[in-house]
Structures are given as C-alpha cells and as structure tokens.
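Just so it is clear, none of the values below were taken in a lab; they were calculated from the coordinates. Computed from a prediction, not measured in an experiment: that's the story for all the values here. Cβ atoms come from the backbone with ideal geometry, glycine included; neighbour counts cover every protein chain shown.
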Amino acid sequence: MRQVKQPALHLFGWAARIGATAWLSTCREWVFGQEILADYRKREPGRNLLFTTWHRGLVYILYHYRFRDVVVMASTSSDGELAAHAAERFGWIPVRGSSSHRGSQALRQMEAMVKKGFSAGIAADAPRGPAHVAKMGVVVLAKHTGLPIMPVIWSAERCWRLNSWDRTIVPKPFSRVVGLFPPELIRVPAGADRNQCEHYRQKLDGLLNGMMYQVDHFFSQPGVDDPRQIEVPETFHPGPV
C-alpha cells in the first residue's frame, strides 16, 4: 500500500471519530464483571493495568474506552498508520510496532509509559494472527512492569464481520453490545522464565477464549441475564475464523 500523506491521515482520523461515534452511540451496552476492576482500584489505588483483548473487538473498544489516556500499540504498516490516527482522535496514545516489526522497541516504549503511570492496551493476537491465540508481548510487559493483565472481551447481538484475518466485529446501529471482565487477573512474576511465561500466555488464551464463548452466546441463550451463567464446554476451541 502506498504511504498515505499526512493531511489525508489527519482527515481520516477525524472522519473515523465522527462516523464511529455517530453509529456506535446508538448501541445499548451491558458490561459484566466490572467489580474486579473496582476491587483492584480500591486495593491498589493509583496503580494502572494492562488491558488485553482479541483484535476482533477493537472497533467498539476504541469507542467505549475513549479519552482515558491508554497507551496502545499500532503496527508500522499503512493500515497501522490509519489505525493510529483514528486511535489518537479517540484519546488513545499509540506507539508504533508489532510482533513482526519494531515489536521490542514498541514494548520498551509502552513499558516506559506504563512506569510513568499510564495504563496500556494490547490486542493479544495482533497484528496478523492467528486469531484467538495470544502472543507473548503482554506477558513480557506484565513481567517487566509488575502490573496485572486484565482480559476484557466484547460482542454484539447484530454486527457486520469484516473479511479480515480476525473477522473484525462492527456492531450495527441500535444493536445490543455486551462486555465481560474476567474472574481473575493474571500476574506474571518478575523472575518468570520462558516456560513460566508460556504458562501465563496459555492461561490468557484460556480466559479470553472462554469469555469470548460466553459473550458470543449471551444473546442467543433464553433466560440468561449474565454471560457468566453460560458454561463453557471443556472441549471448546475457537478454531480458525
């Protein structure tokens, strides 16, 4: 893709903010499990968090968590440039890099900003998948900063699915949207070796995929008023999208 000129990027960022706000503000949302966040804020006031999710839900996440000064990683590709400008218009703080290019430098930038007091957000399976399989970046960041990982997941009752590797979810106007926080935080010890880090990476996979199953089935389960009531099959695996 050709490099996009700066004025066009600036215009795209504002158009994304105005357009996304116009349609996503019509959605009705339910958020479950936020007590874990409230409890953390009460027990450890002033300490930030490392939020993580699957890439598929970033459209609504950028809108819902707008203007909270969260540091987020955007890839160095042309698509990443567009995403970075859109994120900035919603009050996010992008650093540039991915697992395939400048990843270690971007993680160091995020680490420095987190230590200054910012929270961070990472799409665990970005930039190009495979979908629903976490990479090691957020685990390493948790190890280096001492901050816990907070998985969070979103789904929509009615949505469009983009023809992308992650099948990005775009909620339709006036759709119901559901968000879910985890039953526990993931804390990675500072002295964790490679095998231990892999254990926490797999734990993150399990939490996010289980939560994804619950939110994806929430609107189709009669009589269920909380996605945490939905039992995740032991044999469940999201598979390719």
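Using amide H atoms built 1.01 Å from N in the peptide plane, name the residues 5+ places from ILE122, or on other chains, whose amide H lies under 5 Å from its own.
Residues meeting the criterion, in which the H sits 1.01 Å from N, are PHE51, THR52, THR53.
For a label point 7 Å from the Cα of ARG43 along Cα→C-beta, name the residues of segment 149-187 whose backbone N is under 14 Å from it.
Only 149-150, 182-187 fall inside the zone, counting backbone N under 14 Å.
Could you let me know the centre-to-centre spacing of segment 106-149 and segment 156-201, using Cα atoms, in angstrom?
Segment 106-149 and segment 156-201 have Cα centres separated by 13 Å.
Quick one: which of 147-158, 174-185 comes out on top by average Cβ neighbours within 10 Å, and what's the full order, highest first? Please report the intermediate quantities before stating the final value.
Values: 147-158: 22.2, 174-185: 18.2.
Those peptides, ordered most packed to least, come out 147-158, 174-185.
Go ahead and estimate [θ] at 222 nm for the chain from helices alone: -39,500 (n - 2.57) per DSSP H run with n ≥ 4, summed, over the residue count, rounded to 500.
Working: 7 runs with 94 residues, N = 241.
After summing the helix terms and dividing by residue count, I get -12500 deg cm²/dmol.
Show the residues, 5+ positions off or on another chain, whose built amide H is closer than 5 Å to the amide H of ARG158.
The list, which skips near neighbours in sequence, is LYS172, ARG176.
Going by amide H atoms built from the backbone, whose H comes under 5 Å of the H on VAL95, apart from near neighbours?
VAL72, MET73, ALA74
How big, in percent, is the set of alpha carbon pairs in segment 169-241 lying more than 15 Å apart? The partial results should precede the final answer.
Values: 1685 of 2628 pairs.
Roughly 64 percent, rounded to a whole number.
Looking at the chain, what % of its DSSP beta bridges pair antiparallel, to the nearest 5?
Within the chain, antiparallel bridges account for around 30 percent of the total.
Suppose every Lys and Arg Cβ carries +1 and every Asp and Glu Cβ carries -1, with no other charges. What dipole size does the chain come out with about its Cα centre, to the nearest 20 debye?
That gives the chain a dipole magnitude of about 840 debye.
Over segment 6-229, how many pairs of lysines fall under 15 Å by alpha carbon, counting only those 8 or more apart in sequence or from different chains?
Lysine pairs meeting both conditions in segment 6-229 amount to 4.
What area, in nm² and to one decimal, does the C-alpha convex hull of the chain cast on average over all directions?
Values: hull surface 53.5 nm².
Spelled out: convex hull of the Cα atoms, projected over all directions, averaged, 13.4 nm².
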